2 protein chains.
Amino acid sequence: MPLSGYTVGQAAKRIGVSAKAIRLYESRGLLPDVRRSESGYRLFDETDLGILRFIRQARSIGLGLDEIKDVLALQRSGQQTCGRVVALLDDHIAEIDRTLADLYALRATLNDARAAAFSEDGRDGAVVCHMIETDIPRSRVG
Amino acid sequence: MPLSGYTVGQAAKRIGVSAKAIRLYESRGLLPDVRRSESGYRLFDETDLGILRFIRQARSIGLGLDEIKDVLALQRSGQQTCGRVVALLDDHIAEIDRTLADLYALRATLNDARAAAFSEDGRDGAVVCHMIETDIPRSRVG
DNA sequence: CTGTACCTTGACCCTGGGGCAAGGTGTAGC
DNA sequence: GCTACACCTTGCCCCAGGGTCAAGGTACAG
């Protein structure tokens, strides 16, 4: 029985996503009502590929599968999705800013730790890494 | 039978880590040979608390449990840990720099997407979000 | 007919724990 | 002693976003 439409592997190759990822999207409800062949193969049409491109784009800018699912549901119901998408983008931008700030602080901390790691410990003459090794008694460590 | 030493909950409170986390550390081999009471309760001494503080510190600067385990093993074997720790820190700093660059690019992309989301689509007069909604035919979406 | 390339579902693995359940234990009050 | 309650034990499932492997069915070329 010849297959009309794209199998999951073909769709994966065209979109640039793994077949496993596509099955995951379907199982999470992002890609409902995928046609099946008599033997159970998924058969994707151009509409499905469009949705998959959408998902890939949305994933690439950090949206989660649940968020993407919500946007897709809005689209399917004929709603305007711009407001929702912009809100999601704003949330993600804000979170990225927080993450950036955290990473900068972490980077500074790591640099300090790196510098401190070379200093000598006065307690017992051993060279230890101050920033990290705070209170491990030598009795049980060495 | 009165318990001599800190139970997992007491240790957790003193260190500022969840009891569940402490059990995880033990199960991953970061905290070997924890003493047990006759009834099976974990009993932590000051040495254990020192190791737990070490783990908390190391976790706070982004080291993974496996990495921390390696450093602890070096310490237990009497090795100098500074070199290893510095190498780990360098790895993490480099990865943070990569992540920072990625996040900056992502932030820029999101800002572009946000701006583009407000523009109108010429195809069918509907206002859609260009950056994301690329090719989903209206036939099946709306 | 056979080879092999692809498909299916299912289950387990990763991080670093969170949360829950069933049952044992420590301790205090009465 | 009995009870109440907090805390402990182990074990299992859950989170994101899949990766990887297994057992078995299917499409297609030669």
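What tally of residues in the stretch A:1-16 results from selecting those that are more than 14 Å from every other protein chain (Cβ to nearest Cβ) and either under 24 Å from A:Leu74 (Cα atoms) or within 10 Å of DNA strand D (Cβ to nearest atom) (or both)? So the answer is 6. All of (1) out of contact with any Asp or Glu (no Cβ under 8 Å at 6 or more places or on another chain); (2) buried (at least 19 other Cβ atoms within 10 Å of the Cβ); (3) basic (Lys, Arg) hold for B:Arg42 with one exception: (1).
Of note, A:Asp33 does not satisfy the criterion of being surrounded by 14 or more Cβ atoms within 10 Å (Cβ to Cβ), within 16 Å of DNA strand C (Cβ to nearest atom), within 11 Å of chain B (Cβ to nearest Cβ) and not basic (Lys, Arg).
Listed here are the residues, each with its yes/no results for (1) more than 16 Å from DNA strand C (Cβ to nearest atom); (2) within 20 Å of the chain's Cα centre (by Cα); (3) surrounded by 18 or more Cβ atoms within 10 Å (Cβ to Cβ).
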{"site": "A:Arg53", "(1), (2), (3)": "yes, yes, yes"}
{"site": "A:Arg59", "(1), (2), (3)": "yes, yes, no"}
{"site": "A:Gly83", "(1), (2), (3)": "yes, no, no"}
{"site": "A:Tyr104", "(1), (2), (3)": "yes, no, no"}
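Among the residues making up the stretch B:68-77, those that are within 11 Å of chain A (Cβ to nearest Cβ) and either surrounded by fewer than 21 Cβ atoms within 10 Å (Cβ to Cβ) or within 16 Å of DNA strand D (Cβ to nearest atom) (or both) are B:Ala73, B:Leu74, B:Arg76, B:Ser77. Taking B:Leu30 as meeting all but one of (1) in contact with a Lys or Arg (Cβ under 6 Å, 6 or more places away or on another chain); (2) assigned to a loop (DSSP other than H, G, I, E, B); (3) within 14 Å of DNA strand D (Cβ to nearest atom), write down the number of the exception. Single failed check for B:Leu30: (3).
Within the stretch B:11-27, being part of a helix (DSSP H, G or I) and either among the small types (Gly, Ala, Ser) or within 11 Å of DNA strand C (Cβ to nearest atom) (or both) holds for B:Ala11, B:Ala12, B:Ala19, B:Lys20, B:Ala21, B:Ile22, B:Arg23, B:Leu24, B:Tyr25, B:Ser27. For B:Gln75, are the conditions met, namely being touching a helix residue (DSSP H, G or I) at 6+ places or on another chain (Cβ under 6 Å) and either more than 30 Å from A:Arg107 (Cα to Cα) or in a helix (DSSP H, G or I) (or both)? Taking the combined requirement at face value, the residue satisfies it.
Could you tell me whether A:Ile93 is part of a helix (DSSP H, G or I), within 8 Å of chain B (Cβ to nearest Cβ), of a type outside the set (S, T, N, Q) and under 20 Å from the mean Cα position of the chain (by Cα)?
yes
If we keep just the residues of the stretch A:36-48 that are free of Cβ contacts under 8 Å to residues at least 24 places away in the same chain and more than 20 Å from A:Arg59 (Cα to Cα), which is nearest to DNA strand C (Cβ to nearest atom)?
A:Gly40
A short reminder: the numbers here are calculations on the coordinates, not readings from a lab. In this text, all values refer to a predicted model and were calculated from it rather than measured experimentally. Methodologically, a virtual Cβ is constructed for each residue, glycine included, from the backbone with ideal geometry; neighbour enumeration extends over all protein chains shown.
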